[in-house]
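Before we start, here is the structure in question, set down as structure tokens.
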Amino acid sequence: MTSIHIVPKINQIELQPRGEYSLGPESLLCFPADCPRAGRLLMKMTGLKTQTASDPGGAIRLEFDQQVQQDEGYVLTIDAAGVLIRAKSDRGLFYGVQSLRQLLPASIETTGIVAPVVLPYMRIEDAPRFAYRGFMLDEARHFFGMQAVKRVLDLLALQKLNKFHWHLSDHQGWRIEIKKYPKLTEIGSRRSKTQRNGLLALKAVYDHQEVSGFYTQAQIREIVAYAADNFIDVIPEIDLPGHSTAALAAYPELSCDGMAVEVGVDVGLASFYSLPKLVCAGKEASFTFLQNVLDELIELFPARTIHLGSDEAGKKVWQNCPDCQARIKEQGLKDENELQDYFINRLARHVFDQGCAVIGWNDGLFAHSDDRIIIQNWFHAYKETIQKIKAGQKAIMSPMASYYLNIPFRVSSLKQSYLYEPHVPELTEKEAHNILGVEAPYWTEFVNNRAKLEWGMFPRLLAISETAWTERNNKNYEDFENRLAVLELRLDQLGVSHTSPLCYKKYRQFSNPLSFIFGLMDDPDREFKAYTKSA
């Protein structure tokens, strides 16, 4: 029987024992005028002409059907009448077209359909497991630019991912124009050098190359519109109150001591906890500034979800700040952790009041954080996160050991990424419904060009997209590897840099804690250098 090599794996398929339909260069397309995005994708990938409105025929047809249950679901049928994709929305039709794309030869990515393509009769009924299927790109550490981001969005759409989390500020750079505060990009978007050795390196080594760049608000709108054409919501992140050295380089008066500071150049352990700068939680000017920034973000991003970061904020500077200590006393707070909850809650309420959602990293949400904030679980405070999920708080799962795409394969294998199950055993089936989905973060401390960016994304992101889309009982790692071998031919046609099978098969098993620690101390480019040398 014919094998179907689609990633992420479809959830229900019935292959007919006999019967084939042939598509050719003269085949015609037919789709409703009110499914423009699915229709454009269909025309782009096939190169075929559309049928006239007076004749509803066509070898490939898209139709709206309110009987399809899920908004993102679709039904794809191939029989003697041709290829028919039905869905209740343009979004569902778009995902159906993405599945059809992988049924066609990889060569269509560059040529369209220029020779007969024979497809077996089948019926596919498919819909996603999770509503939130995400990827995060860190552009604070390295700036890639509009065309690179649009290419990333195209690749996310191929995998039926629907959330693009955009990390736009950190110690090492501020990447988005805020009209009320121009120094954020005039000063905060440039740094003089970058640490080049591992995250846990004991002594930093620098490259002494300036890194700069930011997006104007016009460019942001263009990217957001492009993402919408791929049914992807863009979620901006401004990390607070830590990870904020670039912002404080521009406006040092917002720090506790008000002293000048340079945009961060370290990306190792020191940059996470030990930098002596946080946004001051005691100064009222901090909240005025941040609320104005958030107002501009909300206007730019129609998905109406803001990520406030909140992770890895060392509290020593607040302990020694008279303004922060006065705020603790004024609000009747116990300590600096409760001060951070106050800080994040106050900003979150400002966002909530405008009808938007808020996400925060789990280690920055303490006992008194607003339970309307969506938790993004990555590493620390796991037990506390599970308790909050049990109590009804919503969450996104992004486990560092399995889902961080910047971690080397020798530390975290492809198999480990694939086998991670977001419905963790501590949760009952009912409690697990509070998990909205999964997201793969990609931190770019050591990623400074498109080839390296894509190499780290693929194929690990494909494994994660399968968990996001495919029901748990339909997953199988060996089957995934077989389908992956075919999809890699498509990535080659698209010119996508990706890890070779020799590399990811070399690291098949789960890593032990020591290999994880020593891997992060090692040369962060070792695998990529070996890959490019052998390519």
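The values are calculated or read from the model by the stated rules, or taken from the named source; none is laboratory data. These numbers were taken from a predicted model, which means no experiment stands behind them. Positions of Cβ are generated from backbone atoms using ideal geometry, with glycine treated the same way; all protein chains shown enter the neighbour counts.
Out of G437, G364, G360, which single residue is in contact with a Leu (Cβ under 6 Å, 6 or more places away or on another chain) and not basic (K, R)?
Selected residue: G360, the only one of G437, G364, G360 that is in contact with a Leu (Cβ under 6 Å, 6 or more places away or on another chain) and not basic (K, R).
Which one of these does Y95 not meet: (1) assigned to a helix (DSSP H, G or I); (2) of a type in the set (S, T, Y); (3) farther than 20 Å from C35 by Cβ?
Result: Y95 passes all but (3).
For segment 132-187, which positions are among the β-branched types (V, I, T), farther than 30 Å from G96 by Cα and not in a strand (DSSP E or B)? It would help to see each step written out before you state the result.
Step one: of segment 132-187, the residues among the β-branched types (V, I, T) are 149, 152, 176, 178, 185, 187.
From what is left, the residues that are farther than 30 Å from G96 by Cα are 176, 178, 185, 187.
I178, T185, I187 - these are the residues of segment 132-187 that are among the β-branched types (V, I, T), farther than 30 Å from G96 by Cα and not in a strand (DSSP E or B).
In this structure, does S310 turn out to be crowded, with 21+ Cβ neighbours inside 10 Å, in contact (Cβ under 8 Å) with a residue 60 or more places away in the chain and hydroxyl-bearing (S, T, Y)?
Numbers: crowded, with 21+ Cβ neighbours inside 10 Å: yes; in contact (Cβ under 8 Å) with a residue 60 or more places away in the chain: yes; hydroxyl-bearing (S, T, Y): yes.
For S310, the condition - crowded, with 21+ Cβ neighbours inside 10 Å, in contact (Cβ under 8 Å) with a residue 60 or more places away in the chain and hydroxyl-bearing (S, T, Y) - is met.
Six or more apart or on different chains, Cβ under 6 Å: which pairs go from a residue in segment 356-370 that's more than 10 Å from D341 (Cβ to Cβ) to one that's among the acidic types (D, E)? Could you list them?
Close Cβ pairs satisfying both conditions: W361/D311; D363/D311.
Shifting gears a bit: Any residue in segment 487-503 that's closer than 14 Å to I6 by Cβ: show its pairings with residues that are among the basic types (K, R) at Cβ separation under 9 Å, as long as the two are six or more apart or on different chains.
That search, which allows pairs on different chains as well, returns R490/R101.
Filter segment 396-415 down to the residues that are part of a strand (DSSP E or B) and in contact with a Leu (Cβ under 7 Å, 6 or more places away or on another chain) and list them by number.
Matches in segment 396-415: I396 only.
Continuing with this model, one more query. Answer yes or no: is there a residue in segment 349-364 that is within 16 Å of I238 (Cβ to Cβ), modelled with pLDDT under 95 and either touching a strand residue (DSSP E or B) at 6+ places or on another chain (Cβ under 6 Å) or not β-branched (V, I, T) (or both).
yes
May I pose another question? Please go through (1) more than 23 Å from H307 (Cα to Cα); (2) crowded, with 22+ Cβ neighbours inside 10 Å for K430 and return the number of the only condition it doesn't satisfy.
Condition not satisfied by K430: (2).
Conditions tested, residue by residue: (1) among the polar types (S, T, N, Q); (2) surrounded by 15 or more Cβ atoms within 10 Å (Cβ to Cβ).
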| position | (1), (2) |
| --- | --- |
| T194 | yes, yes |
| L202 | no, no |
| F214 | no, yes |
| I220 | no, yes |
| V224 | no, yes |
| F231 | no, yes |
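Out of the residues in segment 176-205 meeting the condition of being among the β-branched types (V, I, T) and within 25 Å of the chain's Cα centre (by Cα), tell me which one is nearest to G145 (Cα to Cα).
If we take residues in segment 176-205 being among the β-branched types (V, I, T) and within 25 Å of the chain's Cα centre (by Cα), then I176 is nearest to G145 (Cα to Cα).
Here is a follow-up. With respect to the numbered conditions (1) surrounded by fewer than 22 Cβ atoms within 10 Å (Cβ to Cβ); (2) in contact with a Ser or Thr (Cβ under 7 Å, 6 or more places away or on another chain); (3) of a type in the set (A, V, I, L, M, F, W, C); (4) modelled with pLDDT of 95 or more, which one is the sole condition not fulfilled by L275?
(4)
Right, something else. Please verify whether I375 is crowded, with 23+ Cβ neighbours inside 10 Å, in a strand (DSSP E or B), free of Cβ contacts under 8 Å to residues at least 60 places away in the same chain and on the phi < 0 side of the Ramachandran plot, treating the condition exactly as stated.
Yes; evaluated as a whole, the condition is true for this residue.
Please verify whether segment 371-382 includes one or more residues that are of a type in the set (S, T, N, Q), under 28 Å from S255 (Cβ atoms) and in the same structural domain as T288 (by TED's automatic domain parsing).
yes
Matching residues to (1) modelled with pLDDT under 95; (2) in a loop (DSSP other than H, G, I, E, B); (3) closer than 18 Å to A80 by Cβ:
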| site | (1), (2), (3) |
| --- | --- |
| M45 | no, no, no |
| T52 | yes, yes, no |
| G57 | yes, yes, yes |
| Q66 | no, yes, no |
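Can you find a residue that is surrounded by fewer than 22 Cβ atoms within 10 Å (Cβ to Cβ), in contact (Cβ under 8 Å) with a residue 12 or more places away in the chain, closer than 14 Å to K394 by Cβ and in the same structural domain as H165 (by TED's automatic domain parsing) anywhere in segment 339-351?
The answer is no, given that none of the residues of segment 339-351 is surrounded by fewer than 22 Cβ atoms within 10 Å (Cβ to Cβ), in contact (Cβ under 8 Å) with a residue 12 or more places away in the chain, closer than 14 Å to K394 by Cβ and in the same structural domain as H165 (by TED's automatic domain parsing).
Table: residues versus (1) among the β-branched types (V, I, T); (2) surrounded by 19 or more Cβ atoms within 10 Å (Cβ to Cβ); (3) in the same structural domain as K49 (by TED's automatic domain parsing); (4) touching a strand residue (DSSP E or B) at 6+ places or on another chain (Cβ under 7 Å).
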{"site": "A87", "(1), (2), (3), (4)": "no, yes, yes, yes"}
{"site": "S107", "(1), (2), (3), (4)": "no, no, yes, no"}
{"site": "T111", "(1), (2), (3), (4)": "yes, no, yes, no"}
{"site": "A115", "(1), (2), (3), (4)": "no, no, yes, no"}
{"site": "P120", "(1), (2), (3), (4)": "no, no, yes, yes"}
{"site": "D138", "(1), (2), (3), (4)": "no, yes, no, yes"}
{"site": "Q147", "(1), (2), (3), (4)": "no, no, no, no"}
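Assigned to a loop (DSSP other than H, G, I, E, B), in the same structural domain as I374 (by TED's automatic domain parsing) and β-branched (V, I, T): which single residue out of V438, V424 fits that description?
Going through V438, V424 in turn, just one is assigned to a loop (DSSP other than H, G, I, E, B), in the same structural domain as I374 (by TED's automatic domain parsing) and β-branched (V, I, T): V424.
If you take the residues in segment 1-23 that are modelled with pLDDT of 95 or more and β-branched (V, I, T), which one is nearest to L100 (Cα to Cα)?
Once the filter is applied, the top-ranked residue is I6.
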